[in-house]
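Below is one structure; the comments refer to it alone.
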Amino acid sequence: MNDHRAVIDIGSNTIRMVIYGGPKRAPAVLYNEKITARLGRSVAENGQLGQKASKLALAALERYSALVRLKGITDVQTVATAAVRDASNGEAFLENVRALGLNPRLLSGAEEAITSAMGVAGAFPAAKGIVADLGGGSLEIVHVDGMRCQHGVSLPLGALRLPQLREAGAARFGRRVRKMVQATEWRCTPGETLYLVGGAHRALARYAMHTARWPLDDPHGFELDADAAAKLCRSVLRGNPPQSIPGLASSRQASLPDAAALLATLLRLVQPSKLIFSSWGLREGLVFLTLNKGVQAQDPLLAGVAAFAESMGVDTDAATMVANWIADALPVGRKGDGRLRLAGAMLALSEQRVEPNLRADLAMQWALRKRWIGIDTGGRAMIASCLLANAGRPPPSADLARIASPERLREAQAWGLAVRLCRRFSGVVPEVLETSSLTVKGSKLLLSVADTCAALYTDPVARDLSALAERLGLQPEFRIVETAMGSAA
C-alpha cells in the first residue's frame with residue numbers, strides 16, 4: 001500500500017498509464033507508459049472497435065493492471081473516452097477490461113470536456129477562457145473560469161478523423177467544422193484566451209518553438225498571440241515543417257497539417273487574444289478533482305518547488321525565513337513577486353547542494369526546463385536570473401532577455417544577490433536571521449546585526465552587501481546592535 005495515484009486512460013489513439021507521486025497539488029510523474037492502439041480508427045470507419053486494436057489495447061491494460069497491483073497502488077482511476085463511447089461494441093470491450101481487475105468509467109463528451117478543463121485549471125489557477133482538447137477521436141471545447149466550467153461539448157473532430165475530413169478541401173473542411181460548432185449551444189466572446197490541450201496541439205507548439213529557436217523546450221505554458229498562431233498554421237499548411245523536430249515523434253510531425261487546419265478554423269471561430277498550450281489535461285484533471293478544496297487552493301509552483309528542495313535536503317521553513325529576511329530590502333515589485341522570490345530562495349539553497357562547477361548550468365535547467373506548474377515564461381526567466389546571481393555568475397544571458405524585460409531580470413538578479421548575502425552571512429541559521437535585518441534607510445542598504453553575531457560579518461559578506469547595494473543603487477552600511485542596551489554602535 002502507498003499513496004501513489006495511477007490514471008489509466010483508454011483513449012482513441014493511445015492507451016496510457018501514468019503513476020503520480022509527490023505533492024498532491026503538484027504531482028510528479030513517476031511512471032508513464034503508453035501503447036498506440038488506435039481504437040478510434042475503425043470506429044471512424046465502421047462504428048466498431050476493431051479486433052486487432054482491441055486485442056492490443058487489452059494486452060496493455062492487462063499489463064497495467066498487473067503493474068499497479070505489484071506496485072501496491074490502490075488509488076487507480078481507469079477512464080475510457082470517445083472511441084469506446086462511440087463504438088457499438090464499446091460496452092463489450094469494457095466488460096473485457098473489467099475482467100482484468102480494472103474498474104473503467106466511460107466518460108460522456110461533457111464529462112471529458114470538463115475534466116480536461118479541470119486539468120487546465122489545476123495547471124493555471126487563474127485560467128479564464130476556452131479549453132480545446134484535441135484527442136484521437138474527438139475535440140472537446142469548454143469555457144473555464146477558475147473552477148467553473150460552462151458549455152462543454154464534444155465534437156467528432158479527433159486527430160484520427162481529420163485526414164478524411166480534409167480530403168474534400170480546405171474550404172469545405174472549414175465550413176463543416178463551423179457547422180458542427182454552430183449546431184451546439186457552445187458560444188464564446190472574442191478576445192478570450194484559448195488553452196490548447198492534447199498531443200497534436202503540443203506538437204504544434206514544439207514546431208513553433210523549434211522554428212523560433214525558443215530558449216525553452218517544454219511546450220507547457222508556451223504562449224502565442226492570435227496573429228502568430230495564424231501565421232504558424234499557414235506555415236505548416238504550406239508544407240514548411242523541418243525534416244526533424246527534437247522531441248517530436250515522426251507520427252506527430254506527420255499530423256501537424258491536420259492539427260494546423262483545425263486550429264486555423266478555431267482561430268476564426270473563437271477569435272482569441274492569445275493561445276496557451278497546456279500539458280495538463282484529462283489525466284491531471286482526474287487527479288485534481290479528487291483533491292479537497294484546501295489542497296486545490298494551494299499554490300502549485302510553491303508546492304512543487306518545496307518538494308524538490310526537500311529532496312535536495314533543504315529545510316523549506318529556513319528558506320521561507322530567508323525569503324522574508326531579504327524582502328524588506330527589495331522593491332515591492334509586481335503582484336506575485338513574493339511567491340517567485342520564495343521559489344527562487346528554495347532553489348537557490350538547493351543550488352548550494354551541488355558541485356560549484358554545476359551550479360550555473362543547473363540554474364538554467366531548473367528554471368527553464370524543469371516542469372513547474374503555475375509559472376509563466378517570464379517568471380521562469382526571473383528565477384533563472386535569481387539563481388545565476390546567487391551562484392555568482394555573470395548577468396543573464398541573451399536567451400533570458402527574449403522572455404523577460406531587462407528591468408525584470410535586474411530585479412530578479414537583486415533577489416539572487418540578496419539570497420547570496422543572506423546565506424553567506426547567516427549560514428541560514430534561524431537564530432541569526434531572527435536577530436539581524438536587511439533594510440533600506442534613505443539612500444543606504446543597512447545590514448543590522450546583534451552584537452552576539454557580529455563575528456559573522458567578514459570581508460566576503462561585505463563584498464556581497466556592496467554588490468547588492470550597487471544593484472539597488474544604494475550605499476552599503478553595516479551596523480552592530482548591542483543586545484543589552486538596544487542601542488547602535
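The values are calculated or read from the model by the stated rules, or taken from the named source; none is laboratory data. All values derive from a computational prediction rather than experimental measurement. Cβ: placed from backbone, ideal geometry, glycine included. Neighbour counts: every protein chain shown.
Just checking, which of L155, L160, L204 is closer than 19 Å to S255 by Cβ, surrounded by 24 or more Cβ atoms within 10 Å (Cβ to Cβ) and more than 25 Å from the chain's Cα centre (by Cα)? I'd like the intermediate steps shown before the answer.
Values: L155 fails: surrounded by 24 or more Cβ atoms within 10 Å (Cβ to Cβ); L204 fails: more than 25 Å from the chain's Cα centre (by Cα).
None of the others qualify; the one that does is L160.
Residue by residue, here is whether (1) charged (D, E, K, R); (2) surrounded by 17 or more Cβ atoms within 10 Å (Cβ to Cβ) holds:
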| residue | (1), (2) |
| --- | --- |
| E351 | yes, yes |
| T377 | no, yes |
| L400 | no, yes |
| L409 | no, yes |
| G416 | no, yes |
| K444 | yes, no |
* Asked: Could you say whether any residue in region 403-419 is in the same structural domain as D317 (by TED's automatic domain parsing), farther than 18 Å from R341 by Cβ and not hydrophobic (A, V, I, L, M, F, W, C)?
  -> yes
* Asked: Quick one: what pairs do we get from region 298-312, first residue charged (D, E, K, R), second in a helix (DSSP H, G or I), C-beta under 7 Å, 6+ apart or different chains?
  -> D299/R339; E310/T316
* Consider L248 carefully, then state whether it is part of a loop (DSSP other than H, G, I, E, B) and not hydroxyl-bearing (S, T, Y). => yes
* Structure fact -> So, first residue farther than 14 Å from A57 by Cα in region 77-90, second residue hydroxyl-bearing (S, T, Y), Cβ within less than 6 Å, six or more apart or across chains; the pairs are A82/S12; A82/S138
* To do: State whether the residues of region 59-74 include one that is more than 13 Å from I15 (Cα to Cα) and over 34 Å from the mean Cα position of the chain (by Cα).
  => no
* Scan of region 125-137 for residues that are farther than 15 Å from E192 by Cα and at pLDDT 95 or above, ordered by number -> D133, L134
* To do: Show the residue pairs that are 6+ apart or on different chains and have beta-carbon atoms under 8 Å apart, the first residue being within region 174-202 and on the phi < 0 side of the Ramachandran plot and basic (K, R), the second being surrounded by fewer than 20 Cβ atoms within 10 Å (Cβ to Cβ) and part of a strand (DSSP E or B).
  => R187/H151
* For region 444-462, what are the residues that are farther than 15 Å from V428 by Cα, within 42 Å of the chain's Cα centre (by Cα) and not small (G, A, S)? -> K444, L445, L446, L447, T458, D459, P460
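Does R371 qualify as being surrounded by 16 or more Cβ atoms within 10 Å (Cβ to Cβ), under 35 Å from the mean Cα position of the chain (by Cα) and among the charged types (D, E, K, R)?
no
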* To do: Look at E45 and say whether it is of a type in the set (D, E, K, R), surrounded by fewer than 16 Cβ atoms within 10 Å (Cβ to Cβ) and under 24 Å from R85 (Cα atoms).
  => yes
